[in-house]
Amino acid sequence: MDIIHVENLVKIYKGGIRAVDSINLNIKKGEIYGFLGPNGAGKTTTVKMLTTMIKPTSGNAIINGLDVIKDQAKVRKMIGLVPQDLSVDDDLKGIENLELQASFYGIPKDDARERANELLKLVDLYEAKDRYVSTYSGGMRKRLDLITGLIHNPEILFLDEPTLGLDVQTRAKMWDYISKLRKEYGITIFLTTHYLEEADSLCDRIGIIDHGKIVVEGSPSELKAKVGFDVVDIVVDNPELFKNILNDVSDISMMDNKTIRFKVPESEVYLPKLFQKIYENRLKIQRIRVEKPSLDSVFIKYTGKEMREHESEEEIMRTMRAIRRAR
């Protein structure tokens, strides 16, 4: 069952800036869906439309059967939003931040306290609940921000760049907490990111967005399969002699005087056969390295430099200024 259904969604800002250009989405209940793209691609604008913060120029967006334009109040009750910028108040204690958020939804104080304690334990902040947020580290603030979006027990959680600005270790810890939230509550998570490893690690499916359009969509493994080949580098003493046994592969190139690079669909199938040929021909290799397709290679394929060459830095800045003014 699709809990988020989007048809031909468009957002045009003043000045004709087409931030989101006729996107279509179908997200199932309980999924972690990743919206992957560079800065200015349309990720945050999409989230703002789906969470009723701004109105689409055209198209339809349905959240659990409710129209984001006609049923705004009902939609807001069933979704949680954690924006890019921290929304927690440094002058309040951790638990006070959660209780304040609960009051916006009319949750009784006792129920709010019980729910807040449950969430604080989930992200290992219970011991710090009575400390002022001004004493929290950046990672602690992000964790608190994460659970403020869950205080009213929403069915869908929107996370806009949830680990932006965090160091690698803290980012990985946040991934654990996000996965834990889905496991504990069965919640649907819509996550925007420009971190390739984040999308690969967390998401059931990914949509890559560029210039306001979704250019490709699928599970991480499906997207990697679209790249098609494993890259193999072999370092040998006599490259010309070695090339003779590579008559069944294509796209052979020399990386330096001793390193041969070639591509094969499945290296785990091809390499045992190659090793047999090496043995039969009494050849020797110094080193071998295999690079499997990654989201990095997928991203380059669909949003590569050739798509950016016509867009100057000034054009990008002009676009961002227009969007900020419109907000």
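The values are calculated or read from the model by the stated rules, or taken from the named source; none is laboratory data. Keep in mind it's a predicted model, so treat the numbers as computed, not measured. We place every Cβ from the backbone using ideal geometry, glycine too, and count neighbours over all the protein chains shown.
Things worth noting here:
- For the condition in the same structural domain as CYS203 (by TED's automatic domain parsing) and touching a Gly at 6+ places or on another chain (Cβ under 6 Å), ASP67 does not qualify.
- Number of positions in region 97-117 that are surrounded by 14 or more Cβ atoms within 10 Å (Cβ to Cβ) and free of Cβ contacts under 8 Å to residues at least 40 places away in the same chain: 7
- Within this structure, GLY40 fails the test of being within 21 Å of the chain's Cα centre (by Cα) and surrounded by 21 or more Cβ atoms within 10 Å (Cβ to Cβ).
- Which listed residue is part of a strand (DSSP E or B) and closer than 24 Å to GLU198 by Cβ, from LEU164, LEU146, LEU157: LEU157
Results for (1) in the same structural domain as GLU155 (by TED's automatic domain parsing); (2) at pLDDT 95 or above; (3) under 27 Å from VAL298 (Cα atoms), shown as yes or no for each residue.
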position	(1), (2), (3)
VAL10	yes, yes, yes
TYR13	yes, no, no
GLY16	yes, no, no
ILE27	yes, yes, yes
GLY37	yes, no, yes
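- Residue satisfying all of: in region 43-68; farther than 15 Å from GLY207 by Cα and among the charged types (D, E, K, R); nearest to the chain's Cα centre (by Cα) among these: LYS48
- Of the set (1) part of a helix (DSSP H, G or I); (2) crowded, with 19+ Cβ neighbours inside 10 Å; (3) hydroxyl-bearing (Ser, Thr, Tyr), all apply to THR192 but (1).
- Contacts under 7 angstrom Cβ, first residue in region 133-146 being assigned by TED's automatic domain parsing to the domain that holds ARG171 and under 13 Å from LEU164 (Cβ atoms), partner in a helix (DSSP H, G or I) and not aliphatic (A, V, I, L, M), 6 or more apart: GLY139/THR170; GLY139/LYS173; LEU146/TYR177
- Test: LEU164 is surrounded by fewer than 17 Cβ atoms within 10 Å (Cβ to Cβ), in contact (Cβ under 8 Å) with a residue 60 or more places away in the chain, over 16 Å from VAL123 (Cβ atoms) and within 13 Å of the chain's Cα centre (by Cα): yes
- Scanning region 275-327 for residues that are among the polar types (S, T, N, Q), at pLDDT 85 or above and surrounded by 11 or more Cβ atoms within 10 Å (Cβ to Cβ) yields GLN276, ASN281.
- Residue match in region 118-126 (condition: modelled with pLDDT under 95 and touching a Ser or Thr at 6+ places or on another chain (Cβ under 7 Å)): no
- Segments classed as strands (runs of 3 or more DSSP E), wholly inside region 202-249, with at least 2 members that are of a type outside the set (A, V, I, L, M, F, W, C) and farther than 25 Å from ARG18 by Cα: 230-236
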